[in-house]
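Written out below as structure tokens is the structure these notes cover.
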Amino acid sequence: MTPAAPVDELLLHTLERFTGRVIDRQQATFAADAPFAEKWRAAVGFIEQDLATGYPKAWPGVEAAVLDTPGMRDRINAVIDRWRSLLRDALAAAIDEFGLERSGCTPERLAPLVMRFDKGLLLERLLGLDRGHAELLSAIDNWLTSWETT
Amino acid sequence: VTAFLDAAERLLVREGAGGISTRQLAAEAGQNHGLVHYYFGSVDELLLQALERFTGRVLERQRAMYGADAPFIEKWRTAMGFIEEDLASGYPKVWAELEALALDRPDMRERLSAVNESWRSLLRDALQQAIEEYGLEDSGFSAEALAALVMQFNKGLLTERLLGFDRGHAELLAAIDRWLTSREAR
């Protein structure tokens, strides 16, 4: 497999370092001794901060570069995998807390759904789009609230 | 014009948007490079028109599929069955390439937004049918909210597949299919 060129290597390293910082923050959020709904709200509350830091722009930018450079894919896939594992663990706690074990919602199934909608919403925001975002986030929040009160 | 749009599509799929030049487009189309600016004004305009044309083809297929007189679950399964076809056609790559380009070119965003809006409206209408068919009006999730969710996860899964990553995809799609089946049985 073709090794990454020096500029590509720098881009990947920058993305990995950026990811490390954001994942550290998310890990601390989801590890807190608090109900899942609170952690979810804290995570959603980071949207504006993340948009301001540029992380949601850096990620698809490097992803697009990787689409044409197969030698870089393992590294970007490791970034995706780190996020997936973080979300899987956080969602496992939610499933336990809400007693959803028998619903068919496993953390491994929910993690790609949550990760992709979150990443997609951020990308759309960068492109100036927000159709349906508020409705979706509000519906999820209401759903979590309904489980908390069950 | 068609030769240039075809060439742009092929180059976007094969090499990405980053380094596409007027001369490269002309060589791929077998035309004089001056014609790119004559017909399109700029390379960006040609790339945008290539995405819009491609989107039109895929949307037409989806509209016909969702417009059929059939239960929603059948339409959903047909839509999921298109994943491999879409990956092979290069559409997800062309869209991802243009979106990445537009992040640094604000003047392209309005056109990307229009592509996005076309998809969102199609999905909203399709999901409205599902909401009515399964009696989900009181679920708290409107067709507009679900369209945002479904579109992002579907687009995201395709991007991940392009990267060679598919962790959790089969499990998620199977879980959605089972959930739809359970709604059908009620």
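The values are calculated or read from the model by the stated rules, or taken from the named source; none is laboratory data. No experiment lies behind these values; they were computed from the predicted model shown. In this analysis, Cβ positions are derived from the backbone assuming ideal geometry, glycine residues included, and neighbour counts consider all displayed protein chains.
Could you list, in sequence order, the residues of the range B:155-175 that are within 9 Å of chain A (Cβ to nearest Cβ), more than 11 Å from A:P112 (Cβ to Cβ) and either touching a residue at least 24 places away in the same chain (Cβ under 8 Å) or in contact with a Pro (Cβ under 6 Å, 6 or more places away or on another chain) (or both)?
Within the range B:155-175, B:K155, B:T159, B:L162 qualify.
I'd like the residue in the range B:98-139 that is of a type outside the set (S, T, Y) and outside any helix (DSSP H, G or I) and, out of all such residues, is nearest to the other protein chains (Cβ to nearest Cβ).
Start the filter on the range B:98-139 by keeping residues that are of a type outside the set (S, T, Y), which leaves B:98-112, B:114-117, B:119-120, B:122-133, B:135-138.
Next, only the ones that are outside any helix (DSSP H, G or I) stay: B:103-105, B:135-138.
Details: B:L103: 6, B:D104: 8, B:R105: 11, B:G135: 17, B:L136: 11, B:E137: 13, B:D138: 11 Å.
Checking each candidate, the answer is B:L103.
I'd like to know if the range B:64-85 contains one or more residues that are outside any loop (DSSP other than H, G, I, E, B), facing chain A (nearest Cβ under 9 Å) and within 27 Å of A:R88 (Cα to Cα).
The first filter runs over the range B:64-85 and keeps only residues outside any loop (DSSP other than H, G, I, E, B), leaving B:64-66, B:72-85.
Subsequent filtering for residues that are facing chain A (nearest Cβ under 9 Å) retains none.
The answer is no, given that none of the residues of the range B:64-85 is outside any loop (DSSP other than H, G, I, E, B), facing chain A (nearest Cβ under 9 Å) and within 27 Å of A:R88 (Cα to Cα).
Test each condition in (1) at pLDDT below 90; (2) surrounded by 15 or more Cβ atoms within 10 Å (Cβ to Cβ); (3) assigned to a helix (DSSP H, G or I) for A:S146 and report the one that comes out false.
(2)
The rows are residues; the columns are (1) surrounded by fewer than 17 Cβ atoms within 10 Å (Cβ to Cβ); (2) not in a helix (DSSP H, G or I).
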{"position": "A:E9", "(1), (2)": "yes, no"}
{"position": "A:T19", "(1), (2)": "no, no"}
{"position": "A:R25", "(1), (2)": "yes, no"}
{"position": "A:D33", "(1), (2)": "yes, yes"}
{"position": "A:V44", "(1), (2)": "yes, no"}
{"position": "A:R75", "(1), (2)": "no, no"}
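Just checking, which of A:V79, A:V66 is within 9 Å of chain B (Cβ to nearest Cβ), aliphatic (A, V, I, L, M) and part of a helix (DSSP H, G or I)? Full working, then the answer.
On the way: A:V79 fails: within 9 Å of chain B (Cβ to nearest Cβ).
When all the criteria are applied, what remains is A:V66.
Looking at B:E52, B:E45 in this structure, which one is without any contact (Cβ under 8 Å) to a residue 24 or more places away in the chain and within 23 Å of B:A100 (Cα to Cα)? Break it down stepwise before answering.
Details: B:E52 fails: without any contact (Cβ under 8 Å) to a residue 24 or more places away in the chain.
Just one listed residue meets the conditions, B:E45.
Residues checked against (1) modelled with pLDDT of 95 or more; (2) over 11 Å from the mean Cα position of the chain (by Cα):
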{"residue": "B:E45", "(1), (2)": "yes, yes"}
{"residue": "B:L48", "(1), (2)": "yes, yes"}
{"residue": "B:R53", "(1), (2)": "yes, yes"}
{"residue": "B:P71", "(1), (2)": "no, yes"}
{"residue": "B:Y91", "(1), (2)": "yes, no"}
{"residue": "B:A100", "(1), (2)": "no, yes"}
{"residue": "B:D104", "(1), (2)": "no, yes"}
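Give the range A:48-63 a look and list any residue that's more than 8 Å from chain B (Cβ to nearest Cβ) and free of Cβ contacts under 8 Å to residues at least 40 places away in the same chain, or say none. Full working, then the answer.
Quick first cut of the range A:48-63, residues more than 8 Å from chain B (Cβ to nearest Cβ) only: A:48-56, A:58-59, A:62.
Within the range A:48-63, A:E48, A:Q49, A:A52, A:T53, A:G54, A:Y55 qualify.
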